[in-house]
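S.K.: First the structure, then my questions, so here it is.
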Amino acid sequence: MTRPDAHRAVHAVFRIEAPRLIAGLARMVRDVGLAEELAQDALVAALERWPESGVPENPGAWLMATAKRRAVDELRRKRMVERKHEALGPDPEALGPTAPPAPDAAVDEPVRDDLLRLVFIACHPVLSREARTALTLRLLGGLTTEEIARAFLLPEPTVAQRIVRAKRTLAEARVPFEVPGGADLQARLGSVLEVVYLVFNEGYTATAGDDWMRPALCEDALRLGRMLQALVPDAPEVHGLAALMELQASRAAARTGPSGEPVLLLEQDRSRWDALLIQRGLAALERAERLGGALGPYALQAAIAACHARARAAAATDWPRIAALYDALAELTPSPVVELNRAVAVAMAFGPAAGLELVDAIADEPSLRRYHLLPSVRGELLSRLGRHEEARAELERAAGMTRNARERDLLLARAATCARGSGGGGSGP
């Protein structure tokens, strides 16, 4: 293996393993910032050694073992500093109940689920909503600061500052590395659901890079969703989110072609959809509905996904019901993105002209100015109306805005089809 090949392999492995690595280290050292530094140290060690020794049989275990050795060294160093301070006299502030555990105890502590605990730490109320989102995407989503900045249309220094400040705030607040209970659990639950779905979405459609999907992130989010169902069994939205992720994940095998190219929803081979995940998703949605009350935003989106899951063929999809569900979602959580999705459903149910009217009504929304799906949807609707030249321009504009290479290729291919004077269908991924 050449050195460039080895470096590519290291970075690919690290991108997959980083969330679990940071979560396990944070349990040991009780400091998210330090855990991330230790994980980066393990990455550097792999970049130095793997080109010579080759990629280990279990690269994730190698990275964890390397990082743990460094963590033990760091814990021992801290304990030594503490003993010196003790010899000078006790300092109640420095030696509180959250002082680092003894190295052996930290290594041997049983692991229930480090990722779940890390999610609850990243969603601690001492952090602002923006900081929680950025920190979660960094630690659990594995996104770079640049990728997070692109996703939220923010300057990179702003995002970097948020992440640094968030880690410092958690350390200064001495937030315990645990899943909270009672009122604390309920207070953080909404934020936890939000960030788990953010991680799932980053896996389902990658913000940037060469791959359409990042399956490991979807799997992590699914596992966290299932654990939350067991942890808070009486919360309808927990089951709603689990249902939504299970149903969307059921399409994974059909969402890419032989070369990894995206395959949009209406063009997917539905025989490749995972029947077990569909069954799990429908059962979770039924449980959310049985708990009573009006459906929340996740359960409503799950109900939309269920309409697709129940249709044996794209032509059998109940688009009027989907449009009605989007009406309810828009009323509950109004946003330009929900309106854009509603426009797609209306177009499928009542014709492209009706959908285009809704799209044009939000075309000047500032928050959608750099949102590539706006010109993408508009281009598809124009194509269906036979306005091919306008459609081509919109699809090319969307291709110039996306940061995902696979999606860019798809949009350019559809633009080329428009240029030849024939439109293509697609709806969404």
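S.K.: Can you report the number of residues in the stretch 149-171 which are touching a residue at least 24 places away in the same chain (Cβ under 8 Å) and within 21 Å of residue 337 (Cα to Cα)?
M.R.: Counting residues in the stretch 149-171 that are touching a residue at least 24 places away in the same chain (Cβ under 8 Å) and within 21 Å of residue 337 (Cα to Cα) gives 3.
S.K.: Something else: Quick check on my filter: what residues within the stretch 312-326 are over 25 Å from the mean Cα position of the chain (by Cα) and within 21 Å of residue 294 (Cβ to Cβ)?
M.R.: Hits for the stretch 312-326 are 318, 320, 321, 323, 324.
S.K.: Taking the conditions exactly as written (at pLDDT 95 or above, open to solvent by 30 Å² or more (accessible area, probe 1.4 Å) and assigned by TED's automatic domain parsing to the domain that holds residue 250), does residue 310 satisfy them or not?
M.R.: yes
S.K.: Restricting attention to helices (runs of 4 or more DSSP H) lying wholly within the stretch 119-173, give those where 3 or more residues are closer than 21 Å to residue 190 by Cα, outside the structural domain of residue 16 (by TED's automatic domain parsing) and of a type in the set (A, V, I, L, M, F, W, C).
M.R.: Once the helices (runs of 4 or more DSSP H) in the stretch 119-173 are filtered for at least 3 residues that are closer than 21 Å to residue 190 by Cα, outside the structural domain of residue 16 (by TED's automatic domain parsing) and of a type in the set (A, V, I, L, M, F, W, C), what remains is 129-139, 156-173.
S.K.: Give the residues of the stretch 24-39 that are out of contact with any helix residue (DSSP H, G or I) (no Cβ under 7 Å at 6 or more places or on another chain) and farther than 19 Å from residue 162 by Cβ, sorted by residue number.
M.R.: If the condition is that a residue be out of contact with any helix residue (DSSP H, G or I) (no Cβ under 7 Å at 6 or more places or on another chain) and farther than 19 Å from residue 162 by Cβ, then 30 is the only one that fits.
S.K.: Another question, if that's okay. Among (1) open to solvent by 20 Å² or more (accessible area, probe 1.4 Å); (2) in a helix (DSSP H, G or I); (3) under 20 Å from residue 330 (Cα atoms), which single condition is residue 400 missing?
M.R.: (3)
S.K.: Is there a residue in the stretch 374-381 that is touching a Cys at 6+ places or on another chain (Cβ under 8 Å), part of a helix (DSSP H, G or I) and open to solvent by 30 Å² or more (accessible area, probe 1.4 Å)?
M.R.: There is no residue in the stretch 374-381 that is touching a Cys at 6+ places or on another chain (Cβ under 8 Å), part of a helix (DSSP H, G or I) and open to solvent by 30 Å² or more (accessible area, probe 1.4 Å).
S.K.: Pull up the stretch 6-40, narrow it to residues that are open to solvent by 30 Å² or more (accessible area, probe 1.4 Å) and free of Cβ contacts under 8 Å to residues at least 40 places away in the same chain, then point me to the one that is farthest from residue 64 (Cα to Cα).
M.R.: Only one residue fits best here, namely 8.
S.K.: Before we move on, is residue 75 part of a helix (DSSP H, G or I), over 27 Å from residue 196 (Cβ atoms) and either modelled with pLDDT under 90 or not assigned by TED's automatic domain parsing to the domain that holds residue 6 (or both)?
M.R.: yes
S.K.: Go through 154, 135 for me and flag whichever is surrounded by 21 or more Cβ atoms within 10 Å (Cβ to Cβ) and on the phi < 0 side of the Ramachandran plot.
M.R.: Just one listed residue meets the conditions, 135.
The values are calculated or read from the model by the stated rules, or taken from the named source; none is laboratory data. Worth saying up front: this structure is predicted, and the values here are computed from it rather than measured. In this analysis, Cβ positions are derived from the backbone assuming ideal geometry, glycine residues included, and neighbour counts consider all displayed protein chains. In case anyone asks, the SASA skips ligands and DNA or RNA and just uses the protein heavy atoms, side chains included. Shrake-Rupley method; radii C 1.70, N 1.55, O 1.52, S 1.80 Å.
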